[in-house]
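The structure under discussion appears below in the form of structure tokens.
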Amino acid sequence: MNKPIPFLELSQIPLDLKKSLKEKFSQMLDKGIFSGGEEVILFESKIKGFLNVPYAIPCSNGSDAIEIALRALNLRSGDEVIVPALTWVSTAEAVIMSGAKPIFVDTDQNGLMDMEKLDSSLSPKTKAIIPVHLYGRMVDMEKLIKWSTPKNLRIIEDAAQAFGAFQKGISAGNWGDIGCFSFYPTKNLGALGEAGALITNDENLHRKLIQLANHGQTTRDEHHDVGRNAKIDSIQAGFMNVKMDYFESWQQKRKLLASQYLENLKNVGDLLIPLDILEPNHNAHLFVIQTNRRNDLKIFLERKGIGTAIHYPTIIPKMLPYLDGKEYPCAEKLTKRILSLPLNPWMTEDDVLSISFEIKRFFENV
Ligand SMILES: *Cc1c(COP(=O)(O)O)cnc(C)c1O
């Protein structure tokens with residue numbers, strides 16, 4: 001058997017990066033600033049510069065970012081927010097935590113919210129919509145804005161998986177009223193723990209978001225809202241400032257590996273492959289293939305030492321806390337067909353070749 005290829009193994013980050021991270025930790029330990037401070041300010045400016053946005057707020061994690069974004073819209077109980085049926089649970093969880101009600105919409109073939117089905121999720125109570133740029137592939141934002149603007153709906157982008165994706169030169173998260181990012185360790189740009197960020201173009205929303213993420217405080221000891229503590233950990237901001245310098249080269253590596261998958265997995269069995277993954281509006285976060293023989297393929301690859309993952313095996317409205325008794329046939333079908341192949345900057349081109357080789361063998365042999 002060849003050497004095992006894990007789906008993702010974060011201890012494999014390069015030695016020079018490990019060294020820089022240790023140095024950063026050591027410096028921060030000596031300075032003794034563990035909340036706020038210059039690392040947080042620097043991280044904020046790096047996000048603004050990279051995404052080309054006027055306002056950015058580093059925060060505790062992506063889930064809190066979505067919840068705070070929703071709270072900044074002043075939703076009331078009974079208000080409805082449209083979210084896709086297939087996403088990480090946070091998208092719907094945050095809606096409930098904000099006091100509103102998630103209304104699910106089925107997805108298209110790619111797992112993005114199906115724009116053709118949006119009208120059927122609409123009601124007089126609909127106040128906002130959360131497009132999720134699933135797997136790093138952006139929702140068609142122009143089309144969505146065209147649909148939502150006449151209805152006076154607010155847009156919060158769940159760009160947790162889409163840092164580094166740009167549509168028509170505009171970053172994911174920068175199309176809607178507020179954009180939410182996650183720097184969970186497994187994302188393209190990940191912290192050494194939990195972290196996230198909010199972005200907006202709106203000065204008033206910016207002020208409101210800062211307050212909500214810091215106890216509703218306007219200036220020290222003046223509390224104008226019931227907020228919470230969703231500040232980023234300074235140590236994480238420090239680590240992010242180190243890792244951000246590597247981001248673009250990692251993205252290039254992801255795209256290179258993805259292009260090799262595309263070449264090698266053309267016309268194999270009944271496989272559907274993400275043909276648009278090299279485009280700028282996809283950040284190549286996950287390489288998700290589809291096949292009717294998903295479960296068998298997953299087991300076959302596991303036996304060859306190749307790790308894969310399923311994002312996600314259950315749609316949200318079929319989970320106990322979110323049951324709504326409705327059917328989402330396209331999203332549900334995807335949960336049985338999708339398989340995420342290893343795709344990360346620590347892999348080699350040979351890894352992609354051997355994974356592709358085994359997949360071809362699987363389809364040839366039966
Ligand atoms: C990762 C993720 C989140 C949550 O981010 P955390 O930082 O883990 O809280 C939200 N939505 C989507 C689509 C995600 O992938």
Legend entry - Karplus (6.51, -1.76, 1.60) ³J(HN,Hα), θ = phi - 60°, over the stretch 160-176, in Hz, Gly and Pro reported as x: 4, 9, 10, 4, x, 9, 10, 10, 6, x, 9, 5, 3, x, 9, 8, x
Inset, instruction - Give a residue-ordered list of calculated ³J(HN,Hα) values for the stretch 24-39 (Karplus: 6.51 cos²θ - 1.76 cosθ + 1.60, θ = phi - 60°; whole Hz; x for Gly, Pro). - result: 4, 4, 5, 4, 5, 4, 5, 6, x, 9, 10, 9, x, x, 5, 5
Legend entry - Loop sites in the stretch 175-237: trypsin sites (Lys or Arg not before Pro), DSSP, at most 12 other Cβ within 10 Å: Arg220
Legend entry - Estimated inter-spin distance, Glu142 and Asp221, nm [label 7 Å along Cα→Cβ]: 5.4 nm
Legend entry - Cut-off under 5 Å, modelled amide H: who pairs with Gln167 long-range: Ala172
Legend entry - Cα-centred dipole magnitude for the stretch 228-366, charges only on beta-carbon of K, R (+1) and D, E (-1), debye, nearest 20: 400 debye
Legend entry - Tail weight of P(r) past 27 Å, computed on alpha-carbon pairs of the stretch 16-172, percent: 32 percent
Inset, instruction - Quick one: compute the contact order of the chain, relative version, from alpha carbon pairs under 8 angstrom and 6+ residues apart, as a percent. - result: 22 percent
Inset, instruction - Please grab the % of Cα pairs in the chain that end up more than 27 Å from each other. - result: 49 percent
Legend entry - Built amide H within the under 5 Å cut-off of Ile306, gap 5+: Ile5
Inset, instruction - Would you mind telling me which residue in Leu212, Leu17, Leu29 has the biggest mean-square fluctuation in a Gaussian network model of the chain, where springs connect alpha carbons within a distance under 10 angstrom? - result: Leu29
Inset, instruction - Determine the relative contact order of the stretch 1-122: mean sequence separation of Cα pairs under 8 Å and six or more apart, normalised by residue count, in whole percent. - result: 16 percent
Inset, instruction - Work out from phi, with θ = phi - 60° and the Karplus expression 6.51 cos²θ - 1.76 cosθ + 1.60, the ³J(HN,Hα) of each residue of the stretch 264-276, listed in order in whole Hz, and give x for Gly and Pro. - result: 7, 10, 5, 6, 10, x, 9, 4, 9, 10, x, 4, 9
Legend entry - Dipole axis of the chain (+1 Lys, Arg; -1 Asp, Glu on Cβ), positive-most option in Gln109, Pro54, Ile235: Gln109
Inset, instruction - Give me the percent of DSSP beta bridges within the chain that run antiparallel, rounded to the nearest 5. - result: 60 percent
Legend entry - For the stretch 64-141, size of Cβ-based charge dipole, Lys and Arg +1, Asp and Glu -1, in debye: 280 debye
Legend entry - Extension gain (nm, one decimal) between Leu10 and Trp346, 0.36 nm per residue minus Cα-Cα: 120.1 nm
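Bear in mind these aren't lab numbers, they're just calculated from the coordinates by the rules spelled out. Worth saying up front: this structure is predicted, and the values here are computed from it rather than measured. Cβ atoms come from the backbone with ideal geometry, glycine included; neighbour counts cover every protein chain shown.
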